[in-house]
1. Which sequence of S96, S30 reflects their accessible areas, 1.4 Å probe, from the largest down?
2. Keeping every protein chain in place, order L65, L79 by accessible area at 1.4 Å, biggest value first, i.e. largest first.
3. Please turn the phi angles of the range 87-92 into ³J(HN,Hα) values with the Karplus equation 6.51 cos²θ - 1.76 cosθ + 1.60 (θ = phi - 60°), one per residue in order, whole Hz, x for glycine and proline.
4. Given 0.36 nm per residue, what is the gain on full extension from E111 to E87 after removing their alpha carbon distance, in nm?
5. Taking the Cα atoms only, what angle lies between the long axis of helix 107-122 and the longest principal axis of the chain, rounded to 10 degrees?
6. Compute the length gained on full extension between S31 and D49: take 0.36 nm times their separation in residues and subtract their Cα-Cα distance, giving the result in nm to one decimal.
7. Leaving out ligands and nucleic acids, note down the accessible area per residue over the range 40-124 with a 1.4 angstrom probe, in whole Å².
8. In whole percent, how big is the carbon plus sulfur part of the accessible area of the chain, probe 1.4 Å, protein atoms only?
Amino acid sequence: MCYSPPPNLPYRHLSAKYGKLEIRVIARSSSSYEAPPSTNVSVVRFDLDNKRELIQALKGHDVVLLTIGVGPSFEKTSLETIDVAIEAGIKRIISSEFGNDRINASPAQRELFSRKVAVLDYLP
């Protein structure tokens, strides 16, 4: 769920388009991600298995953008995060299914995309 962009790039783009935003990065306790300086980006670190803490961290926000890396626990972690976001009252959940070319995918990519499609199908 932690996004490691080039410094300030996404924030500058979003702020230019939508005005001042408050962006909260929910990161694993072990993450070394630091928010870009001079932005309204804050980083909250904790054990992502602690659902109560995650709900509290998400409350008051409108959108969750899932940027969970694809690994053995991708689907499970994504579905659990969606459930927590719904419980926290999040209005919009955007899965990490963006920027993928499923039409021209290799067999290995198709297997990966099948897990991403499962997450998309789970979204309310």
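The values are calculated or read from the model by the stated rules, or taken from the named source; none is laboratory data. Just so we're clear, the structure is a prediction, and the values are computed from it rather than from any experiment. Cβ atoms come from the backbone with ideal geometry, glycine included; neighbour counts cover every protein chain shown. When the accessible area is computed, the model is the full protein with side chains, heavy atoms only, and any ligands, DNA or RNA have been set aside. Shrake-Rupley method; radii C 1.70, N 1.55, O 1.52, S 1.80 Å.
1. Working: S96 15, S30 105 Å².
Sorted descending by solvent-accessible area, the residues read S30, S96.
2. Numbers: L65 85, L79 40 Å².
Sorted descending by solvent-accessible area, the residues read L65, L79.
3. 4, 7, x, 5, 7, 9
4. On the way: separation 24, 0.36 × 24 = 8.64 nm, distance 2.98 nm.
My answer for the length gained is 5.7 nm.
5. 60 degrees
6. On the way: separation 18, 0.36 × 18 = 6.48 nm, distance 1.45 nm.
The S31-D49 span can extend by a further 5.0 nm.
7. On the way: 5020 Å² over 85 residues.
Dividing the accessible area of the range 40-124 by its residue count gives 59 Å².
8. Numbers: 4120 of 7780 Å².
With neighbouring chains kept in place, the figure for the chain is 53 percent.
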